[in-house]
1. Could you put Ser154, Ser23 in order of accessible surface area, largest first, with the 1.4 Å probe and the full protein assembly present?
2. For a label point 7 angstrom out from the Cα of Ser204 toward its Cβ, which stretches of region 1-36 have the backbone nitrogen within less than 13 Å?
3. Rounded to whole Å and ordered largest first, report the semi-axes of the equivalent ellipsoid of region 138-182 derived from its Cα gyration tensor (root of 5λ).
4. Can you tell me the FRET efficiency between Ser213 and Phe20 if r is taken as the Cβ-Cβ distance and R0 is 30 Å, rounded to the nearest 0.05?
5. What part of the accessible area of region 31-124, given as a whole %, is carbon or sulfur when the probe is 1.4 angstrom?
6. Rounded to the nearest 0.05, what FRET efficiency is calculated for Met132 and Lys67 with R0 set to 25 Å and r the Cβ-Cβ distance?
7. Looking at region 116-218, which chymotrypsin sites (Phe, Trp or Tyr not before Pro) are DSSP coil and have at most 16 other C-beta atoms within 10 Å of their C-beta?
8. If you average the C-alpha positions of region 143-195 and of region 1-80 separately, how far apart do those two centres end up, in angstrom?
Amino acid sequence: HGLPLKNSIIIPNGIETSEFTGSVEAGLFRKKYSIPAHKKIILFLGRISWKKGLDTLIPAFAEVVKKEPEVLLVIAGGDDEGYGKNVKFLISNFKLQDKVLFTGMISGNDKIAALKESDVFVLPSYSENFSMAAVEAMYMKLPVVITERVGVASFVREYVAGIVTKKDEKEIAEAILQILNTPTLGSRMGEAGKKLVEERFEMSNIAARWFESYRNLL
């Protein structure tokens, strides 16, 4: 149409951080799903879809278990596409049935509690245009391990809010282990992630960018 592409404007999604600041009972998530306090939690939060890279996550998790046996993979998300049976087949092949918990879709205080009580968030997607789940995890100071195909990867790299990997099971396993075995690293990444969200993705800042863009156009 002959439109000047050089004048295009890209504004990311944002989150209402106030939704994550309410009081949630300590240990709510572990209590609800009978997860012992000593277990380290790796959290996958999202739809159970082929696109999310669970076919890479399960073998990567199998590698993690070899070096860190007291770990639990929580898969929190709906299975609208029926892909869950493929994931469960993989889990069975790697004999990880007692190391994986499916919660179904979670929201509200359950989601906040899961983000608070987990040790690392992981999203090994084939393709992801943004990832609200990763942004929510970072706001809750949860270090993230995501693939370079996830839209927020460049921000994660810039702020060092987690580890960005190729879609490779060994790389993903090493990244998870690095965070699990270095609490100070995970803590620094968590702080950096919260700062990133407050500066770049908090909804009032996103709204201000929209206003500024419209003003400039006018």
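1. Greatest to least solvent exposure: Ser23, Ser154.
2. Hits in region 1-36 for Ser204 at 13 Å: 16-19.
3. Square roots of five times the eigenvalues give 16, 14, 7 Å.
4. The formula returns an efficiency of 0.70 here.
5. C and S atoms contribute 53 percent here.
6. Result of the calculation: an efficiency of 0.20.
7. Tyr126, Phe130
8. 12 Å
The values are calculated or read from the model by the stated rules, or taken from the named source; none is laboratory data. Because the structure is predicted, anything quoted here is derived from the model rather than measured. When we count neighbours, we look across all protein chains shown, and the Cβ atoms used for this are built from the backbone with ideal geometry, even at glycine. Please note that ligands, DNA and RNA were not included when accessible areas were found on the heavy atoms of the full protein model with its side chains. Shrake-Rupley method; radii C 1.70, N 1.55, O 1.52, S 1.80 Å.
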